[in-house]
Amino acid sequence: MKLYITAPSPFARKVRIVAREKGLSDRIEEIATDPYADAPDLFAANPIVQVPALIAADGAPLTDSPVICEYLDEIGEGPRLLPASGPERLRVRRIETLANAALEMGVKRVLELRRPEHERSPSWIERWTRNLGRALDGLEAADLRADPLDMGVITAGVAASWIGFRHPDIDWRAGRPRLVALTEALEGRDSFRDTAPV
C-alpha cells in the first residue's frame, strides 16, 4: 500500500498513527509529496490533490482521513479503534468529528494567514479562531482518556498538538487541563512520537 502524506498535515498524521497502532507500518510505503505542486501520483490517487491519500491493498484509492482510518482499523491487528456499531460507535464518531472540526478551523486560519496581508479577512480569521476554541472546549468537556485508545481520542490528541505546533499564538492549553493531560499521555506513545509534526 502507498500512503501520500505531508509531514505537517494533521490529517495525514492521524492516518500514520492508526497504521502504527494497527501493526500495518511494514505494509505501507509513506510517500512525502507536495499537494500544491499537483504531483501526478497524488493527482491519480485523489483528483482534488489533497493528503492523505492511500492506495489500498486492492489498488483502489482511498481519500479522507476518517475513511482511510476506518479501512486500516478493519484490516489491522488489535482492538478496534472504531466500534462496529451502536451507541459507542456514535460516541467515538462524535468526538472524532469535533476534533476534525477544530483541525478544519485551524487549517482555514493557516491558509488565510498565508495570504498577502492586504488580502486577509480579519473577520474570517476571528470567526475561525473562535470556532476552533469552541471545538477545543467541547473536547475538554468530553473528559477523554488515553486508554482505551479509539479514533476520537487519537483525533483529539492530534488536533490539540497540531494547533500548538501550527498556531503558537493560540494558548490552547489555558483552561483545558483534561485536554492537556490527554495530549501529554498520547504524545508519550511510540505512534505519536514517530509522527510528530515537523
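Taking just the alpha-carbon atoms of the chain, what radius of gyration and Dmax come out, in angstrom?
16.6, 51
Evaluate the distance, in nm, between pseudo-label points positioned 7 Å from the Cα of residue 58 and of residue 143 along their respective Cα→Cβ axes.
4.3
On average, how much area does the Cα convex hull of the range 86-189 cover when viewed from any direction, in nm²? If you can, show how the numbers build up before the last one.
Details: hull surface 26.7 nm².
Dividing the Cα hull surface by four gives the mean projection, 6.7 nm².
Roughly how many Å is it from the Cα centre of the range 75-90 to that of the range 23-55, as a whole number?
With the range 75-90 and the range 23-55 each reduced to a Cα centre, they are spaced 25 Å.
For residue 173 and residue 127, compute 0.36 nm times the residue count separating them, minus their Cα-Cα distance, and round to one decimal in nm. Mind dumping the intermediate values first?
Values: separation 46, 0.36 × 46 = 16.56 nm, distance 1.94 nm.
Length gained, residue 173 through residue 127: 14.6 nm.
Taking θ = phi - 60°, what integer Hz values does the Karplus form 6.51 cos²θ - 1.76 cosθ + 1.60 yield along the range 167-179, in sequence order, with x for Gly and Pro?
With the stated coefficients, the range 167-179 comes to 10, x, 6, 9, 8, 5, 6, 4, x, 10, x, 5, 5 Hz.
Around residue 110, what is the net charge, scoring Lys/Arg as +1 and Asp/Glu as -1 over all other residues with Cβ under 13 Å from its Cβ? Don't jump to the answer; show the numbers that get you there.
Working: positive: 108, 109, 114, 115, 120, 166; negative: 104, 112, 169.
That works out to +3.
Calculate the dipole size of the chain relative to its Cα centre from +1 charges on Lys and Arg beta carbons and -1 charges on Asp and Glu beta carbons; express the result in debye to the nearest 20. Working shown, then result.
Working: 27 positive and 31 negative charges, 115 e Å.
Charge dipole of the chain: 560 debye, to the nearest 20.
What's the FRET efficiency of residue 38 with residue 74 using the Cβ-Cβ distance as r and R₀ = 30 Å, to the nearest 0.05?
Details: r = 31 Å, r/R0 = 1.03.
That pair, residue 38 with residue 74, gives E of 0.45.
Please turn the phi angles of the range 147-163 into ³J(HN,Hα) values with the Karplus equation 6.51 cos²θ - 1.76 cosθ + 1.60 (θ = phi - 60°), one per residue in order, whole Hz, x for glycine and proline.
Residue by residue, the range 147-163 yields 9, x, 6, 8, 5, x, 4, 4, 5, 4, x, 4, 4, 4, 5, 5, 4 Hz.
Taking +1 at the Cβ of each Lys and Arg and -1 at the Cβ of each Asp and Glu, which of 154, 39, 123 sits farthest along the dipole of the chain towards its positive end, judged by Cα position relative to the Cα centre?
123
Quick check: residue separation of residue 198 and residue 180 times 0.36 nm, minus the Cα distance between them. What number comes out in nm? Don't skip to the end; give the middle numbers.
Values: separation 18, 0.36 × 18 = 6.48 nm, distance 2.02 nm.
Extending this stretch completely gives an extra 4.5 nm.
At what distance in nm do the modelled label points of residue 190 and residue 118 sit from each other, each positioned 7 Å from its Cα along Cα→Cβ?
5.4
For the range 1-79, run through the GluC sites (Glu not before Pro) and keep only the ones in DSSP coil with at most 15 other Cβ atoms within 10 Å of their Cβ.
Values: sites: 21, 29, 30, 70, 74, 77; in loops: 77.
Taking the range 1-79 and a limit of 15 other Cβ atoms within 10 Å, the loop GluC sites (Glu not before Pro) found are 77.
Name the most mobile residue of 136, 24, 103, meaning the one with the largest mean-square fluctuation, in a Gaussian network model of the chain with Cα contacts below 10 Å.
Result for the chain, Cα springs under 10 Å: 24 fluctuates most.
Would you grab the residues whose amide H sits under 5 Å from the one on residue 53? Only those 5+ places off in sequence or on another chain, please, with H modelled 1.01 Å from N.
For residue 53, whose amide H was placed from the backbone, the distant partners under 5 Å are 4.
Given Cβ point charges of +1 (Lys, Arg) and -1 (Asp, Glu) and nothing else, what value in debye, to the nearest 20, does the dipole of the range 1-87 about its Cα centre take? All intermediate terms of the calculation are to be shown ahead of the outcome.
Numbers: 8 positive and 13 negative charges, 51 e Å.
With only Lys, Arg, Asp and Glu charged at Cβ, the dipole is about 240 debye.
Enumerate the amide H contacts of residue 30 below 5 Å, restricted to partners 5 or more residues apart or on another chain; note that Pro and chain-start residues carry no placed amide H.
Close amide H contacts, sequence-distant or interchain: 3.
Tell me, what ³J(HN,Hα) does each residue in the range 22-36 have, in order and in whole Hz, if you take phi through Karplus 6.51 cos²θ - 1.76 cosθ + 1.60 with θ = phi - 60° and put x for Gly and Pro?
9, x, 10, 4, 6, 9, 10, 8, 8, 10, 6, 9, 10, x, 6
Highest first, please rank the peptides 84-94, 152-162 by the mean number of other Cβ atoms sitting within 10 Å of their residues.
On the way: 84-94: 12.2, 152-162: 26.1.
Answer by packing, highest mean first, reads 152-162, 84-94.
Since every read-out is calculated from the coordinates, none of them should be taken as a lab result. Since we're looking at a predicted model, the values are computed, not measured. In this analysis, Cβ positions are derived from the backbone assuming ideal geometry, glycine residues included, and neighbour counts consider all displayed protein chains.
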